[in-house]
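Visitor: Would you mind keeping the following structure in view while I ask a few things?
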Amino acid sequence: MTHPFEYRAATSLEHAVRELAEPGAMPLGGGTDLLVAIDERLAAPNTLVDLRTIPGSADVVMHRDGSVTIGAAARIADLAKDQRISAQFPALAQACDVVGTPALRHMGTLGGNLCQRPRCWYFRRGISCLKSGGSSCPAKDGENQYLAILDAGPCYAVHPSDPAVALTALEAFAIVSSSSGSRKVAMADLYLVPSERADRETTLERHEFISAITIPAESVGGTQRYHKLMQRDAWDFALVSAAACKRMDGGVRIVLGGVAPRPWRVNSSVEEDVASGGLDDEAIATLADRALLDAKPLSKNAYKVELAATLLRRVISEVA
């Protein structure tokens, strides 16, 4: 049976904050994940508050200092083809361009994509697990071929967002709004690991929602790449993805997706060695292997270690 809910279109940020303070209210972006989650009985809201109807909620604002503010209701497809984003933050444009299907990119919003739930088979099929209130992770010794090799345990689900990986490499911030006001949260701090809390993926409290994303001026330009390996050629979630950015000041940031419950940034010592440049193929391979020393694959996903190493070698060679 379909779960009934009331739909409300927010007319302002203040209106959205008031509506979402009510019990059982949840924010709605494109609905590409939330409506599926409702159908799968993973969410049961009384009210959906549409954030897309807030004036300016999808705007991309370039500031004089070079930084950018992107409204959380900006559509993934629009960001992928926005010439300003492509010119100044190409890693984000590239990540948006490989999200899901064309239809999903045209429906999905940036805020919704960042807050989507994991795609673990057990969780999505209603099998008791740590995310659904159970006492164990059936995937650990079960069908775990698409799950985490880093930062995992006791839950091994990976976060599926492509833009989250690029935004972490770009050292972006989420603007989080609620009845208590607004606060900035670094993308690196937005996501939880299961050892902190297994039943949810972000540090957002109830009634909080992402209203915008900001990327600092320091992340403009330089050399930026985003690559994604999928089981199929398109329309799939990442087996492994990688974002790498060498900033104008020479600093390097490298982040992997598809390998952990959150975007996984490689060790800073590896980034520093990449930033030093002058690397031959052997040195690049050594750095890629060093970045994955902490990997702990499960029974069916050891292949992800090699995939991650392959992507790391590729992005390191591109930005070094």
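The values are calculated or read from the model by the stated rules, or taken from the named source; none is laboratory data. This structure is a prediction, so every number in the text was calculated from the model and none was measured. In this analysis, Cβ positions are derived from the backbone assuming ideal geometry, glycine residues included, and neighbour counts consider all displayed protein chains.
Visitor: Do we find a residue being assigned to a loop (DSSP other than H, G, I, E, B) and under 16 Å from LEU110 (Cβ atoms) anywhere in the stretch 20-29?
Guide: yes
Visitor: Same structure, new question: Just name the residue that is nearest to LEU192 (Cα to Cα) out of those in the stretch 241-281 that are among the basic types (Lys, Arg) and touching a strand residue (DSSP E or B) at 6+ places or on another chain (Cβ under 6 Å).
Guide: Per the stated criteria, the residue is ARG262.
Visitor: Could you list, in sequence order, all residues of the stretch 79-111 that are of a type in the set (D, E, K, R) and either more than 28 Å from VAL36 (Cα to Cα) or crowded, with 17+ Cβ neighbours inside 10 Å (or both)?
Guide: ASP82, ARG84, ASP97, ARG105
Visitor: Follow-up question, since we're still on this one. Please go through the stretch 14-53 and pick out each residue that is of a type in the set (Val, Ile, Thr) and in contact with a Leu (Cβ under 6 Å, 6 or more places away or on another chain).
Guide: Answer for the stretch 14-53, where residues must be of a type in the set (Val, Ile, Thr) and in contact with a Leu (Cβ under 6 Å, 6 or more places away or on another chain): THR32, VAL49.
Visitor: Same structure again: Please name all residue pairs, on different chains or six or more residues apart, with Cβ atoms under 9 Å, provided the first residue is in the stretch 45-57 and is in contact (Cβ under 8 Å) with a residue 24 or more places away in the chain and the second residue is surrounded by fewer than 16 Cβ atoms within 10 Å (Cβ to Cβ) and of a type in the set (S, T, N, Q).
Guide: Note: pairs meeting the criteria are THR53/THR11; ILE54/THR11; ILE54/SER12; PRO55/THR11; PRO55/SER12.
Visitor: Residues of the stretch 24-46 being of a type outside the set (A, V, I, L, M) and either more than 22 Å from GLY181 (Cβ to Cβ) or at pLDDT below 95 (or both), which ones?
Guide: If the condition is that a residue be of a type outside the set (A, V, I, L, M) and either more than 22 Å from GLY181 (Cβ to Cβ) or at pLDDT below 95 (or both), then GLY24, GLY30, GLY31, THR32, ASP33, ASP39, GLU40, ARG41, PRO45, ASN46 are the ones that fit.
Visitor: Hey, any hits in the stretch 244-265 for a residue that's out of contact with any helix residue (DSSP H, G or I) (no Cβ under 9 Å at 6 or more places or on another chain) and outside any loop (DSSP other than H, G, I, E, B)?
Guide: No, the stretch 244-265 contains no residue that is out of contact with any helix residue (DSSP H, G or I) (no Cβ under 9 Å at 6 or more places or on another chain) and outside any loop (DSSP other than H, G, I, E, B).
Visitor: Can you pull out the residues in the stretch 159-175 that are of a type in the set (Asp, Glu) and under 15 Å from ASP33 (Cα atoms)?
Guide: Answer for the stretch 159-175, where residues must be of a type in the set (Asp, Glu) and under 15 Å from ASP33 (Cα atoms): just ASP162.
Visitor: If ALA44 satisfies every condition in (1) more than 28 Å from ILE215 (Cα to Cα); (2) touching a His at 6+ places or on another chain (Cβ under 7 Å); (3) surrounded by 14 or more Cβ atoms within 10 Å (Cβ to Cβ) but one, which is the exception?
Guide: Failed condition: (3).
Visitor: Considering only residues that are assigned to a helix (DSSP H, G or I) and in contact (Cβ under 8 Å) with a residue 24 or more places away in the chain, look in the stretch 62-78 and name the one that is surrounded by the most Cβ atoms within 10 Å (Cβ to Cβ).
Guide: By that ranking, first place goes to ILE76.
Visitor: Within the stretch 221-237, take every residue that is out of contact with any strand residue (DSSP E or B) (no Cβ under 8 Å at 6 or more places or on another chain) and aliphatic (A, V, I, L, M) and give me the one that is modelled with the highest pLDDT.
Guide: Checked the stretch 221-237; the qualifying residue modelled with the highest pLDDT is MET230.
Visitor: A follow-up question, please. Return the residues of the stretch 176-192 that are closer than 26 Å to ALA238 by Cα and aliphatic (A, V, I, L, M); say none if nothing qualifies.
Guide: Within the stretch 176-192, VAL185, ALA186, MET187, ALA188, LEU190, LEU192 qualify.
Visitor: Exactly one of (1) out of contact with any Pro (no Cβ under 7 Å at 6 or more places or on another chain); (2) outside the structural domain of TRP121 (by TED's automatic domain parsing); (3) of a type in the set (A, V, I, L, M, F, W, C); (4) buried (at least 22 other Cβ atoms within 10 Å of the Cβ) is unmet by ILE213. Its number?
Guide: For ILE213, the failing item is (2).
Visitor: Would you point out the residue of the stretch 267-286, among those that are more than 26 Å from the chain's Cα centre (by Cα) and polar (S, T, N, Q), that is farthest from LEU150 (Cα to Cα)?
Guide: SER276
Visitor: Another question, if that's okay. Taking LEU92 as the residue in question, decide whether it is over 13 Å from ILE215 (Cα atoms) and in a helix (DSSP H, G or I).
Guide: For LEU92, the condition - over 13 Å from ILE215 (Cα atoms) and in a helix (DSSP H, G or I) - is not met.
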